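Values quoted throughout were computed directly from the atomic coordinates according to the rules given, and no laboratory measurement underlies them. Bear in mind that the values here come from a model prediction, so they are computed numbers and not experimental data. In this analysis, Cβ positions are derived from the backbone assuming ideal geometry, glycine residues included, and neighbour counts consider all displayed protein chains.
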Amino acid sequence: MQRYNKIHNKIPREILLLKSLPCIYSGKCSFCNYVLDNTTNLDEIRQVNDNILNMITGEYGVIEIINSGSVFELPKFVLEAIRDKVNSLKIHTLYFEAYYGYHKRLEEMALFFPNQEIRYRIGIETFDDEFRKRVLKKPFPTSNLEDLSKKFYACCLLICIKGQTQKQILNDIHIARTHFREITINVFVNNTTAILRDEALVEWFSHDVYPLIKDEKNIEILLDNKDQGVFVQ
Ligand code: SF4
């Protein structure tokens with residue numbers, strides 16, 4: 001478990017993994033074990049998060065906060081502690097994660113953090129809505145891409161899962177690059193769920209695709225889920 005890191009390349013920022021209340025979607029996504037970090041113990045949430053927030057230096061003026069769920073699952077006292085910290089350090093940009101189900105509430109954080117630009121990341125995983133619904137158990141429509149990309153600054157893709165194809169992955173990357181200002185490509189790593197990594201796809205992606213896009217400034221690629229230095233498992 002690692003909860004704080006500085007990222008110096010591409011999109012320089014400090015990244016924090018905070019502890020939060022359970023994901024509103026109750027861990028139903030078939031590939032997700034991040035929710036193991038969730039708790040309803042408010043004292044634990046306060047204690048863990050206070051320690052992490054104290055590590056912020058403000059060096060880049062940009063903070064990314066992830067919380068094994070969506071920012072809306074952080075209790076208000078945590079949001080207030082974040083606000084105090086980022087205001088005192090003159091942080092100008094905040095990244096948060098938000099599940100699609102919150103797409104009508106995104107403005108709330110802009111009101112809560114009036115001094116920062118709020119940038120949301122959404123875990124789209126794939127633009128193949130049928131695959132996301134049937135295999136990943138994370139159903140929502142991506143047909144209105146214009147609206148999605150207005151609301152969410154960045155999107156995350158999950159690739160190299162058994163059942164995906166090269167064509168699907170290339171199409172997902174193409175759509176993400178076309179519509180979102182930044183994208184994160186996560187190569188799936190086997191975890192405690194029943195979803196499995198496809199090693200042949202990993203081999204293909206690593207050799208044929210990764211070298212072509214790895215230097216693009218707005219694309220972050222996690223070949224391993226520990227690559228950004230914060231992780232649960
Ligand atoms: S992927 Fe996100 S929305 Fe799905 S269960 Fe995990 S934390 Fe919740």
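Over the chain, what is the percentage of antiparallel beta bridges among all DSSP beta bridges, to the nearest 5?
Numbers: 6 of 34 bridges.
Once the DSSP bridges in the chain are tallied, antiparallel ones form about 20 percent.
Sites listed here are trypsin sites (Lys or Arg not before Pro) in region 33-132 whose DSSP assignment is loop and whose Cβ has at most 10 other Cβ atoms within 10 Å: Lys90, Lys104. Ranked by how many other Cβ atoms sit within 10 Å of their own Cβ, fewest first, the residues His179, His92 fall in the order His92, His179.
Ranking of Ser206, Ser70, Ser143 by neighbouring Cβ atoms within 10 Å, starting from the fewest: Ser143, Ser206, Ser70. Legend: calculated FRET efficiency, Leu111 to Lys162, from the Cβ-Cβ distance at R0 = 25 Å, rounded to 0.05, equals 0.05. In this structure, Leu170 and Phe77 have a Cβ-Cβ separation that, at R0 = 45 Å, corresponds to a calculated FRET efficiency of about 0.50. Our helix-only sum for the chain, with -39,500 (n - 2.57) per DSSP H run of n ≥ 4 divided by its residues, gives a mean residue ellipticity at 222 nm of -8000 deg cm²/dmol. Among the GluC sites (Glu not before Pro) in region 5-114, those located in a DSSP loop and surrounded by at most 14 other Cβ atoms within 10 Å of their own Cβ are Glu59. Take the Cα of Asp208, step 7 Å along the line toward its Cβ, and report every residue of region 111-146 whose backbone nitrogen sits under 17 Å from that point. It comes to no residues whatsoever.
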